[in-house]
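First the structure, in the form of structure tokens, and then the observations on it.
The values are calculated or read from the model by the stated rules, or taken from the named source; none is laboratory data. In this text, all values refer to a predicted model and were calculated from it rather than measured experimentally. Positions of Cβ are generated from backbone atoms using ideal geometry, with glycine treated the same way; all protein chains shown enter the neighbour counts. Surface areas here come from the heavy atoms of the whole protein model, side chains and all, with no ligands, DNA or RNA. Shrake-Rupley method; radii C 1.70, N 1.55, O 1.52, S 1.80 Å.
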Amino acid sequence: MSVGVNLSIQADLGTSPISSIPTVPAKVLGFDDIGVTTIIVNAVIARVQIPILRKKYDPILLLQIPVSTVFGLLCSASGTFLKGIAPSACRNNRLVCIAGIVLVAVGVSIEVATNVTTLAGEGLALSLNKVIPKIKFGYMKVIVDCTLVMIAVIVSFSCLHELYGVREGTLAAAVFAGLIAKQLNKLTIPLADKFFALPHRKERATEETTSD
């Protein structure tokens with residue numbers, strides 16, 4: 001996912017939704033990458049889930065904070081590694097942007113398949129799923145991503161007085177990353193259940209089927 005995020009940045013068509021908010025303070029503070037601000041923003045998103053879930057909140061969700069910290073460090077590392085990529089033609093930019101979106105979607109799908117913990121962005125979508133179960137995860141992911149993009153736009157105009165880091169690639173990622181992950185879940189979740197035997201998810205799936 002960190003590689004996907006940085007590919008989106010290198011494509012110069014807008015950052016991915018999860019990095020759209022961290023991009024603005026990184027620019028304001030003059031950071032070379034979004035690693036530190038990614039850690040801070042994800043920590044805030046992880047804490048937001050407490051009032052959303054209330055009594056349903058499981059302390060294991062706090063694992064999102066160390067996981068997001070590792071993710072932020074990986075964003076810094078992959079950003080340094082990918083700085084040499086500078087697509088010149090618009091078509092190449094689009095291909096790099098598409099590759100970034102797909103990689104983020106693959107990462108999201110694997111996160112959900114493991115059913116242990118996730119990054120804060122996906123954790124927020126899953127938490128909202130518990131409160132509003134009628135909306136499937138893929139669609140909830142799209143809603144969360146679009147909300148993050150809108151917040152990024154507001155923060156950008158407030159801090160920089162211009163739109164920064166949000167472009168057509170950001171909107172494409174907000175819409176398609178969740179939908180692609182939704183389709184990939186049909187493959188990754190059965191594979192995870194088969195090879196790692198996750199009875200707690202099977203029980204949850206049974207409950208959801210029964211409630212439907």
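Values as computed for the structure displayed
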{"read-out": "Verdict on THR118 being open to solvent by less than 40 Å² (accessible area, probe 1.4 Å), at pLDDT below 90 and either charged (D, E, K, R) or closer than 19 Å to LEU184 by Cβ (or both)", "value": "yes"}
{"read-out": "ILE151 being open to solvent by 10 Å² or more (accessible area, probe 1.4 Å) and either touching a residue at least 12 places away in the same chain (Cβ under 8 Å) or within 25 Å of VAL36 (Cβ to Cβ) (or both)", "value": "yes"}
{"read-out": "From ILE50, ILE65, ILE60, ILE18, residue being closer than 21 Å to ILE154 by Cβ and not hydroxyl-bearing (Ser, Thr, Tyr)", "value": "ILE18"}
{"read-out": "Test result for VAL112, open to solvent by less than 30 Å² (accessible area, probe 1.4 Å), of a type in the set (A, V, I, L, M, F, W, C) and at pLDDT 80 or above", "value": "yes"}
{"read-out": "Members of region 12-34 found to be surrounded by fewer than 24 Cβ atoms within 10 Å (Cβ to Cβ) and in contact with a Cys (Cβ under 9 Å, 6 or more places away or on another chain), listed by number", "value": "ASP12, LEU13, PRO25, LYS27, VAL28, ASP33"}
{"read-out": "Single residue of region 154-185 satisfying the filter (over 25 Å from LEU95 (Cα atoms) and without any contact (Cβ under 8 Å) to a residue 40 or more places away in the chain) that is most open to solvent (accessible area, probe 1.4 Å)", "value": "HIS161"}
{"read-out": "Residue within region 3-25 that is free of Cβ contacts under 8 Å to residues at least 60 places away in the same chain and aliphatic (A, V, I, L, M) present", "value": "no"}
{"read-out": "Qualifying positions in region 68-84 - of a type outside the set (S, T, N, Q) and either open to solvent by 50 Å² or more (accessible area, probe 1.4 Å) or under 13 Å from SER19 (Cα atoms) (or both)", "value": "VAL70, PHE71, GLY72, LEU73, LEU74, CYS75, ALA77, GLY79, PHE81, LYS83, GLY84"}
